[in-house]
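The values are calculated or read from the model by the stated rules, or taken from the named source; none is laboratory data. As the structure is a prediction and not an experimental result, all values here were calculated from the model. Here Cβ is always computed from backbone atoms with ideal geometry, including for glycine, and neighbour counts include all displayed protein chains.
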Amino acid sequence: MATATSVPPSTSPEVNYPDSDGRPMSDNTKQFRWIVTIEGGIDVLFADDPDVFVAGDLLWYPVEGDNATRTAPDVLVAFGRPKGERGSYQQWREAGIAPQVVFEVLSPGNRPAEITRKLGFYERYGVEECYIYDPDWGDLTGWHRADGRWQEIPTMAGWVSPRLGVRFELTGGELELYRPDGRRFVTYVELSRQREQAEAQAEQARQQAESARQQAESARQRAERLEVRLRALGIDPDADA
């Protein structure tokens, strides 16, 4: 979870908005795996919608001319913005649209003060939904805007994101995210295995179909040979018995 940072604003007329805050995307393999799984799952979910932008660990600048006010959500989702490559999310270049949904995946190095600062940032700059997952402790919390107020979600188990349509579950402290069609978000390894299994099943079905075709062709050829022999004997195979 990258933290909100404060750097001296540029004094030159042309303000520079760095693409990196110098911090790593993740502190450990577990945090990285979860960031990639969440970002990838949402990206796939909205793959056919050209106006949903999804990114991981991308610096977000909400205020033009202010390069000190910035933060990098582990995952951000912006509805109403086109897909495409970006070095950072500069809100004034994005029709003024703030990311509506953000995710944070905690690592042991994160401190409560950092989390509090980021929550304040998200509340202040228009985020509608924020979800924070601690994979080490199996803790999941969330905040959303309701009736114009920023408030914590009382129970996350079974919660369905108003924007994403994704359902949250905790099984033995392990986060599970389910698409609207009931399919679970999976890791790259799980996805690769599912694809291999599907390909193997498709190949098996192809081989079975080919075997059935060959058997049908063999039966047709036997019937033709039988007909030839019968006619050679002066027997009309088409005659009524």
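Total residues in segment 90-116 satisfying the condition of being of a type in the set (A, V, I, L, M), without any contact (Cβ under 8 Å) to a residue 60 or more places away in the chain and closer than 26 Å to L177 by Cα: the figure is 3.
Quick one: is G87 touching a residue at least 60 places away in the same chain (Cβ under 8 Å) and not aliphatic (A, V, I, L, M)? Before the answer, list the steps.
Numbers: touching a residue at least 60 places away in the same chain (Cβ under 8 Å): yes; not aliphatic (A, V, I, L, M): yes.
The answer is yes for G87.
Would you please name the residue that is farthest from the chain's Cα centre (by Cα), looking only at residues in segment 130-158 that are aliphatic (A, V, I, L, M) and crowded, with 16+ Cβ neighbours inside 10 Å? My answer is I153.
Residues are listed down the side, and each one gets a yes or a no for (1) farther than 25 Å from A72 by Cβ; (2) touching a residue at least 12 places away in the same chain (Cβ under 8 Å); (3) not basic (K, R):
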residue: K118; (1), (2), (3): no, yes, no
residue: D134; (1), (2), (3): no, yes, yes
residue: Q151; (1), (2), (3): no, no, yes
residue: L164; (1), (2), (3): no, yes, yes
residue: G173; (1), (2), (3): yes, yes, yes
residue: P180; (1), (2), (3): yes, yes, yes
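The set of residues in segment 88-119 being at pLDDT below 95, in a loop (DSSP other than H, G, I, E, B) and out of contact with any helix residue (DSSP H, G or I) (no Cβ under 6 Å at 6 or more places or on another chain) consists of L106, P108, G109, N110, R111.
I'd like to know if segment 62-73 contains one or more residues that are assigned by TED's automatic domain parsing to the domain that holds R167, within 14 Å of the chain's Cα centre (by Cα) and in contact (Cβ under 8 Å) with a residue 40 or more places away in the chain. No, the conditions are met nowhere in segment 62-73.
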